[in-house]
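> The structure under discussion is supplied below as structure tokens; questions concerning it will follow.
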Amino acid sequence: MPVLHPDRRQLLASALGLSLVGLGACERAEPLVRVATNPWVGYTGLLLARELGHFNNPSLRLLELTTASDSLLALASDQVEAATLTLDEWLVAREGQLDLRVIMVFDESAGADVVMVRPGITRVEQLRGQRVAVEETATGALLLSRTLDAAGLRPDDVIKLPLAGAAQLAAYASGAVDAVVCFEPYASQLARQGAHRLIDSRRFPGVIMDVLAVRASALAASPEVFKQLLVGYFQALGVLQNSAAQSAALMAPAQGISALEFTAALKGVHLMSLDDNRRLLDAAAPGLRPMAQSVATLMQRSGLLKQVPLLDGVMDGRFLPAPDWRA
């Protein structure tokens, strides 16, 4: 059996018997499709779809959690059927023996994942000896690893504090950390506190991508619900792209940032179209597979995976809207 990186092994193991707030047991008259998500600007289309009434099936529930680690825990403890994850987080779950299939690709990060630092730190080399807040069970660990590699630094050259989300904001405000590895909308919130951008995901193209990961058993039990989920998402994506100002005004408050900050943050992600998804999840030759292989190899080299999980047959484009679909 593959062995997880210690922090990530502990994360998934601790899920046994765990009860997350707001995810209590439900009586299942019919199979539920519970989708866990977290405050990443690239997932906005899901929240917008709900606001627009596209998820009106009582079996479909979108659950907003605080961090990506919470989503991993919810999957590992069988409290949700699906979750929005980064590609590396999905690989961690696969290594942890969770049978999760990718049925949609949301985006590629192109600047919205970032290392924010205090004034006076202007070069990555200056991170040596600094206190860095990072969510080590999620993409932050990968971004920090690549950042340190780029400067010829080792992981133990920085003092890592395992913090995520709002806890990172509080730590920076109190002076407890010098740098924060985070993503939008937290990067914009840190900028208000005086932090500035040191390096971001534009430096590492193809490394940070976001996907919808679903339990194979849930796909078999509720195929039509997942098709409805994806139709609703792509309908909302069309609104997000064609009515940008109105969408920003509607969705920014939920992100804790202004409409202008939301619009700027969204420029840091490349949202994948339906055509992009068909190419990435094509049954014969999924374009996502070599990308996942590359990220897994990078993670293994960085000590974030012990070995590359099996990637055959785990990318499934059958639930995407049909070719004659219209928004």
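> Out of the residues in segment 122-137 meeting the condition of being under 9 Å from L163 (Cα atoms) and outside any strand (DSSP E or B), tell me which one is modelled with the highest pLDDT.
Per the stated criteria, the residue is E135.
> If you go through segment 173-187 one residue at a time, do you hit one that is in contact (Cβ under 8 Å) with a residue 40 or more places away in the chain, part of a helix (DSSP H, G or I) and either basic (K, R) or farther than 19 Å from T84 by Cβ (or both)?
First, the residues of segment 173-187 that are in contact (Cβ under 8 Å) with a residue 40 or more places away in the chain: 176-187.
Now drop any that are not part of a helix (DSSP H, G or I), which leaves 186-187.
Of the ones still in play, those that are also either basic (K, R) or farther than 19 Å from T84 by Cβ (or both) are none.
For segment 173-187, residues in contact (Cβ under 8 Å) with a residue 40 or more places away in the chain, part of a helix (DSSP H, G or I) and either basic (K, R) or farther than 19 Å from T84 by Cβ (or both): absent.
> Check whether at least one residue in segment 146-156 is open to solvent by less than 50 Å² (accessible area, probe 1.4 Å), out of contact with any strand residue (DSSP E or B) (no Cβ under 8 Å at 6 or more places or on another chain) and outside any helix (DSSP H, G or I), and report yes or no.
yes
> Which members of segment 277-313 meet the condition of being charged (D, E, K, R), in contact (Cβ under 8 Å) with a residue 40 or more places away in the chain and closer than 30 Å to P323 by Cα?
Initially, segment 277-313 is screened for residues charged (D, E, K, R), giving 278-279, 282, 289, 301, 306, 312.
Next cut, in contact (Cβ under 8 Å) with a residue 40 or more places away in the chain only: 278, 306.
Result: R278, single match.
> Still on this structure, please answer the following. Mind listing whichever residues of segment 232-285 are hydroxyl-bearing (S, T, Y) and either within 13 Å of V41 (Cα to Cα) or in contact with a strand residue (DSSP E or B) (Cβ under 9 Å, 6 or more places away or on another chain) (or both)?
Y233, S247, S258, T263
> Cβ contacts < 6 Å: first residue β-branched (V, I, T), restricted to segment 128-139; second residue part of a loop (DSSP other than H, G, I, E, B), any location; separation 6+ or different chain. Result?
Pairs that qualify, where the first residue is β-branched (V, I, T) and the partner is part of a loop (DSSP other than H, G, I, E, B), are V132/V158; T139/I208.
> Give the residues of segment 203-224 that are open to solvent by 20 Å² or more (accessible area, probe 1.4 Å), in contact (Cβ under 8 Å) with a residue 40 or more places away in the chain and either in contact with a Lys or Arg (Cβ under 6 Å, 6 or more places away or on another chain) or aliphatic (A, V, I, L, M) (or both), sorted by residue number.
A216, A221
The values are calculated or read from the model by the stated rules, or taken from the named source; none is laboratory data. Nothing here was measured: the structure is a model prediction, and the numbers come from that model. Neighbour counts run over all protein chains shown; Cβ positions are idealised from the backbone, glycine included. The protein model used for the area step is the full one, side chains on, heavy atoms only, and it has no ligands, DNA or RNA in it. Shrake-Rupley method; radii C 1.70, N 1.55, O 1.52, S 1.80 Å.
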